[in-house]
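Read through the structure below, which is laid out as structure tokens, and then see the notes.
Only the coordinates and a few stated rules stand behind these numbers; no lab work does. Everything numeric in this text was worked out from a predicted model, so none of it was measured. All Cβ positions, glycine included, derive from the backbone under ideal geometry; neighbour counts span all protein chains shown.
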Amino acid sequence: MAVPILKQSNYLIATIQAALTDQDFVQLRDALVEKVGRFRSRGVIVDVTALDVLDSFASRTLRDLAYMIRLRGAHTVIVGIQPDVAFAMVQLGITLADVSTALDLEEGLAFLDSVDSEQARA
């Protein structure tokens, strides 16, 4: 299943609308890493609101995606992790270490805006 990737200003937004296979997650990772360079994006938001499960492979792939995008010079925010998903991840010891998260798309955009303005001042 292809995940739509929208360009919004300096950001890319990928909204996962249904459960993905492991291969779908890998394709999403590769597509976002490539598009960051092509569009010279400053940030990426991955919206997982529709997911009621984030297994260890999906979590690891999202973490790797964030690390790869950071190496490309952009920031990643994972938004919309549902309470039950967060609970299950904690119980299973699955972490998104060093990956920014936000409650929803609006907060994700605000976070990226604040990171951009911080970098502009530096």
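Brief remarks follow.
- Simple label model, 7 Å out from Cα along Cβ direction - residue 120 to residue 50, nm: 3.3 nm
- FRET efficiency for residue 98 and residue 19, using Cβ-Cβ distance with R0 set to 22 Å, rounded to 0.05: 0.30
- Two tests apply to each whole DSSP H helix in the chain, Cα reach of 20 Å or more along its axis and mean Kyte-Doolittle hydropathy of at least 0.0, and the ones passing both are 56-71.
- Among 36, 85, 77, residue whose mean-square fluctuation peaks in a GNM of the chain (springs only between Cα atoms under 10 Å): 85
- Residue separation of residue 91 and residue 7 scaled by 0.36 nm, minus their Cα-Cα distance, works out to 26.7 nm of gained length.
- Taking 65, 51, 92 as the candidate residues, the one with maximal mean-square fluctuation in a Gaussian network model of the chain, Cα springs under 10 Å, is 92.
- Electrostatic dipole magnitude of region 54-122 [Cβ: Lys, Arg +1; Asp, Glu -1; Cα centre; debye, to 20]: 340 debye
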